[in-house]
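The values are calculated or read from the model by the stated rules, or taken from the named source; none is laboratory data. Here the structure is a predicted model, which is why all the values come from computation and not from measurement. Quick reminder, even Gly has a Cβ in these numbers, built from the backbone with ideal geometry, and neighbours come from all protein chains shown.
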Amino acid sequence: MNNLEILCSRALTYAVAALFFFITLLGPGNLLAAEKERFTGMLPPTELFDPLLADPRWPHFSASVQAYQNDEELETVGSANLGTSFALFGWETLGGQWQLGLQAGVFSIFDLDSDSQVLINADYLVGLPLSVRYGLFSAHVHLYHQSSHLGDEFLLRNRAERINLSYEAVELLFSLDILADILRIYGGGARLISTEPDLEKHSVQGGMELTSPSPLFGEVYPVVAGDVQTFEETDWDENYSVRAGFDIRNDLFANRRLQIMFEYFNGHSPNGQFFERNIEYYGGGLHFYF
């Protein structure tokens with residue numbers, strides 16, 4: 001067993017120990033009957049594991065414009081993402097709430113400086129997450145597939161060599177609401193199960209989210225989120241993603257979330273066909289979570 005395998009084995013052991021520690025510390029959710037209906041049964045309306053607001057690859061609906069800095073090909077890029085995450089079935093056991101769900105998403109970018117605003121890259125993701133919550137602590141195990149494709153017009157224009165990039169992976173994330181509805185921290189990692197082409201297998205992720213307890217005005221709440229990811233395939237270089245803006249709450253939205261966010265990214269590109277390329281961009285747009 002090499003040093004990396006020993007490190008990953010120890011990390012998994014510590015993660016399982018942390019899970020049981022938080023279960024013991026925080027105890028069962030003790031939700032009222034009306035609250036339980038939000039999380040249990042067939043197609044419950046509320047997910048146990050909240051979306052990661054600064055993760056570039058968390059499935060949701062969004063449209064944004066990104067200004068690439070000193071890139072060899074791109075300057076103004078449009079990002080259009082279609083996706084969602086929802087619970088299929090929820091139940092109570094072992095003193096906590098559990099859910100089996102579905103995630104699916106398409107993440108695409110376009111060259112807005114080109115005449116026809118050509119599609120550059122599109123990534124497709126589908127997976128089955130299993131989530132659990134004990135009070136302020138939640139965890140998320142996700143088995144998923146992702147594939148990446150270059151746009152046809154981009155291929156013709158650049159005569160680029162396409163990578164047949166696809167993989168299956170399992171992801172484990174832990175989340176703790178230190179201050180309910182105000183401060184959240186999370187962390188975890190993933191391991192690739194099968195890949196094409198052959199890729200290094202491990203990655204680590206962590207981040208935080210801070211939401212104002214009081215509205216700026218009306219039903220508009222300031223929010224800021226940061227996410228850091230590092231991949232063995234890219235020599236553990238850090239990818240930084242920061243988003244800040246406004247969370248608009250309204251009874252008409254029910255459990256949905258509408259956000260106006262400004263963003264900054266620096267690191268290896270999250271767009272599959274360009275994962276080896278270092279990019280930096282600023283941008284902003286709308287984000288909608290079902």
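Hey, any hits in region 45-64 for a residue that's farther than 27 Å from VAL223 by Cβ and modelled with pLDDT under 95?
Checking region 45-64: not a single residue is farther than 27 Å from VAL223 by Cβ and modelled with pLDDT under 95.
With SER148, SER114 as the choices, which residue is in a loop (DSSP other than H, G, I, E, B) and over 17 Å from PRO51 (Cβ atoms)?
Criteria check complete, one pass: SER114.
Conditions tested, residue by residue: (1) touching a helix residue (DSSP H, G or I) at 6+ places or on another chain (Cβ under 8 Å); (2) buried (at least 16 other Cβ atoms within 10 Å of the Cβ); (3) touching a residue at least 40 places away in the same chain (Cβ under 8 Å); (4) β-branched (Val, Ile, Thr).
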| site | (1), (2), (3), (4) |
| --- | --- |
| LEU53 | no, yes, yes, no |
| GLN66 | no, yes, yes, no |
| GLU75 | no, no, no, no |
| GLY78 | no, yes, no, no |
| ASN81 | no, yes, no, no |
| THR93 | no, no, no, yes |
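Please find, within region 193-232, the residue that is nearest to ILE163 (Cα to Cα) out of those that are touching a residue at least 60 places away in the same chain (Cβ under 8 Å), in contact with a Leu (Cβ under 8 Å, 6 or more places away or on another chain) and not acidic (Asp, Glu).
HIS202
Of all residues in region 163-198 being farther than 28 Å from GLY151 by Cα and not in a strand (DSSP E or B), which is modelled with the highest pLDDT?
For region 163-198, the residue satisfying everything is ILE182.
What number of residues within region 245-265 satisfy the criterion of being under 24 Å from LEU74 (Cα atoms) and within 16 Å of the chain's Cα centre (by Cα)?
Here the count works out to 4.
Of ARG243, ARG277, ARG191, ARG256, which residue is more than 13 Å from LEU53 (Cβ to Cβ), of a type in the set (Lys, Arg) and in contact with a Phe, Trp or Tyr (Cβ under 8 Å, 6 or more places away or on another chain)?
Just one listed residue meets the conditions, ARG256.
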